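To keep things clear, I will list the structure first and then write my remarks on it.
The values are calculated or read from the model by the stated rules, or taken from the named source; none is laboratory data. Predicted, not measured: the structure shown is a model, and the values here were computed from it. Every residue, glycine among them, receives a Cβ derived from its backbone with ideal geometry; neighbour counts consider all protein chains shown. The accessibility values were calculated without ligands, DNA or RNA, using every heavy atom of the protein model including side chains. Shrake-Rupley method; radii C 1.70, N 1.55, O 1.52, S 1.80 Å.
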Amino acid sequence: MQLVAEFSLVDKDDSWMADAACKEATDADFHPESIYSAGAKRAIAVCKTCLVRRECLQFAVNNGIGEGIWGGMLAHQRRKYALGVLKEDTLGL
């Protein structure tokens, strides 16, 4: 996804992105205006099929990316995940 260039990365290993299910998706779906939008639902559905979803999630957490959908999680879910309050299996991913 193109928006990665906008972040200051601590974890720069993005080799997993070549295998990401979203590599041809539009950024708008993964950075929706509303977490309840059809685009957000489409993005999460794509994440559920992705072989590198865990790597994507960890990349976002490691880099403190506080917006968009990464690894099938919204920003507020990733914050809870990073704190150990939310587990991946809770979301059905």
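Which loop GluC sites (Glu not before Pro) in the range 32-93, with loop taken from DSSP, have no more than 15 other Cβ atoms within 10 angstrom of their Cβ?
E33, E67
Per 10 Å bin from zero, what fraction in whole % of the C-alpha pairs of the chain is there, up to the bin with the longest pair?
17, 56, 27, 0
Heavy atoms only, probe 1.4 Å: what % of the accessible area of the range 5-93 goes to carbon and sulfur, would you let me know?
Accessible surface attributable to carbon and sulfur in the range 5-93 totals 52 percent.
Probe of 1.4 angstrom, ligands and nucleic acids ignored: what's the accessible area per residue over the chain, in square angstrom?
On a per-residue basis, 60 Å².
Over the chain, calculate the relative contact order: mean separation of alpha carbon pairs under 8 Å at least 6 apart, over the residue count, as a percent.
Details: 104 pairs, mean separation 24.0, N = 93.
This gives 26 percent for the chain.
Of all trypsin sites (Lys or Arg not before Pro) in the range 9-93, which ones are in loop regions per DSSP and have a Cβ with at most 16 other Cβ atoms within 10 Å? The partial results should precede the final answer.
On the way: sites: K12, K23, K41, R42, K48, R53, R54, R78, R79, K80, K87; in loops: K12, K23, K87.
Those satisfying the criteria are K12, K23, K87.
Could you give me the percent of Cα pairs per 5 Å distance bin for the range 36-89, shortest bin first, beginning at zero and ending with the bin that holds the maximum distance?
In whole percents, the pair-distance histogram is 4, 22, 32, 26, 14, 1.
Separation between the L9 and E24 pseudo-spin-labels, each 7 Å from Cα along Cα→Cβ, expressed in nm?
2.3
Which longest uninterrupted range of the chain lacks any chymotrypsin sites (Phe, Trp or Tyr not before Pro) assigned by DSSP to a loop state (not H, G, I, E or B) and surrounded by at most 16 other Cβ atoms within 10 Å?
The segment 37-93 is the longest one with no such site.
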